[in-house]
Amino acid sequence: MGTNRKPSPEERLQQWIKPELFEASAYYVPDADGLIKLDAMENPFILPDELREKIREVISDAEINRYPDPNACNLKKSLREVMDIPEDMAIILGNGSDELIQIIALAVAHSGKTILAPQPGFVMYKIIADTVGARFIGVDLNCDDFSLDSEAMLSAIDQYQPAVVFLAYPNNPTGNLFDENTISEIVNVAPGLVVLDEAYSAFSEKSFMQRIEEFDNLLVMRTLSKSGLAGLRLGILVGPALWLNQLDKIRLPYNINTLSQKLAELILSQYEILQQQAEIICANRSTLFKQLQEIDGVSPWKSSANFILFKTTNTSADIISAALIEQGILIKNVSGNFPALKDCLRVTVGTEDENEAFVVALKLAISS
Ligand SMILES: *Cc1c(COP(=O)(O)O)cnc(C)c1O
């Protein structure tokens, strides 16, 4: 007979929550109220009035008493067009690409299996690996330019036999594109899936979308978040039906809500608006990069994404970050995330005015 003593709330929690969750940490989102928000790689521009008027119409006509189209057929058609998705490749949509990472992890990287990614990298790969009980292995990038250490990657793949390798292309938070040939080599030697996470494809000239069929274990993932539709939560996974048919069983029915489907379809029908905004962001990125280069005590890395990583060489990143917040500007302090990022900060490229305000505030933070 066990004792009849009622467990304390704390004891009950310890007994039933799976142990790996106690070790895991949640994704932290800081309060941005009243601040110029340059921390999350959002597109700073709003849509033109005419399109906003059509958005109002679509919302008022939406049949929200009905479940959404479970397969989001019309939206997938629009995506095929604007993203030039190869005809014979299948598509799965996620509630953001974060959900797609989770679907992949649940499908192949369950307990005892390994998820591998280079680091510094996108933190959700590890957060999701932890929550599904998979082992996460991070392989250090070369520390000067954050390129892939191909020898280290190939030997880690050989040693750990990962179920999935995630490669962000361009990489977050470093902003660089990995070498194309090294990526091909990794896909060729990987025993399981390789997911090329092209979250920033709108700002970079390179993509593996047209090369998926050269391999039988490569998936390409995209998102509309960084190019202007972060609030709709739409991630796109592209790859051979052989794999995607199985992954799709993990996806919850109706994961893409009616408003996201209808609004994305409408906005994608005028995709050139988002493309023009991306062009402006890329131009602003060049200006901002030059301005950062000219500041004493700041050393930026070249970026193929809509953000710039920089190191502060005279003042600690923690002090800079706090001083920026005091001046009403929120960027991301990534200093504590990985040893290689000591005193590094990541700033999203914003509008000209936002970037200007940031540069002024940064100079002040560094000189005082
Ligand atoms: C932002 C980001 C994502 C997640 O985007 P969603 O908003 O969930 O679509 C995925 N991968 C990388 C590398 C990112 O930077």
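The values are calculated or read from the model by the stated rules, or taken from the named source; none is laboratory data. All values derive from a computational prediction rather than experimental measurement. Here the Cβ is made from the backbone with ideal geometry for all residues, glycine too, and neighbour counts use every protein chain on show. Accessible surface areas use protein heavy atoms only, side chains included; no ligands, DNA or RNA. Shrake-Rupley method; radii C 1.70, N 1.55, O 1.52, S 1.80 Å.
Data for the structure
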| read-out | value |
| --- | --- |
| Hits in the range 38-97 - residues which are within 16 Å of Ser260 (Cβ to Cβ), open to solvent by 90 Å² or more (accessible area, probe 1.4 Å), of a type outside the set (A, V, I, L, M) and not in a helix (DSSP H, G or I) | Glu63, Arg66, Tyr67 |
| Test: residue in the range 219-238 that is away from the ligand (no atom under 16 Å from the Cβ) and either surrounded by 23 or more Cβ atoms within 10 Å (Cβ to Cβ) or modelled with pLDDT of 95 or more (or both) | no |
| Matching option when the condition is in a strand (DSSP E or B), within 30 Å of Ser367 (Cβ to Cβ) and open to solvent by 30 Å² or more (accessible area, probe 1.4 Å), among Ser299, Ser286 | Ser299 |
| Scope the range 176-206; condition within 16 Å of the ligand (Cβ to nearest atom), in a loop (DSSP other than H, G, I, E, B) and not small (Gly, Ala, Ser); matching residues | Asn176, Leu177, Phe178, Glu198, Tyr200, Lys206 |
| Candidate set: the range 1-37, residues that are open to solvent by 90 Å² or more (accessible area, probe 1.4 Å) and among the β-branched types (Val, Ile, Thr); chosen: the one nearest to the chain's Cα centre (by Cα) | Val29 |
| Count of the range 304-317 residues which are open to solvent by less than 20 Å² (accessible area, probe 1.4 Å) and of a type in the set (S, T, N, Q) | 2 |
| Answer residue from the range 109-128, given it is open to solvent by 30 Å² or more (accessible area, probe 1.4 Å) and more than 12 Å from the ligand (Cβ to nearest atom) and is modelled with the lowest pLDDT among those | Ser111 |
| Tally, over the range 129-175, of residues that are surrounded by fewer than 23 Cβ atoms within 10 Å (Cβ to Cβ) and assigned to a helix (DSSP H, G or I) | 13 |
| Options Pro191, Pro253; residue that is within 21 Å of Val165 (Cα to Cα) and open to solvent by 40 Å² or more (accessible area, probe 1.4 Å) | Pro191 |
| Count of residues meeting criterion [out of contact with any Gly (no Cβ under 7 Å at 6 or more places or on another chain), β-branched (Val, Ile, Thr) and within 16 Å of the ligand (Cβ to nearest atom)] in the range 140-175 | 2 |
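Rundown of residues vs (1) touching a strand residue (DSSP E or B) at 6+ places or on another chain (Cβ under 9 Å); (2) part of a loop (DSSP other than H, G, I, E, B), yes/no style:
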{"site": "Val220", "(1), (2)": "yes, no"}
{"site": "Leu229", "(1), (2)": "yes, no"}
{"site": "Trp243", "(1), (2)": "yes, no"}
{"site": "Gln246", "(1), (2)": "no, no"}
{"site": "Arg251", "(1), (2)": "yes, yes"}
{"site": "Asn255", "(1), (2)": "yes, yes"}
{"site": "Lys262", "(1), (2)": "no, no"}
{"site": "Leu266", "(1), (2)": "no, no"}
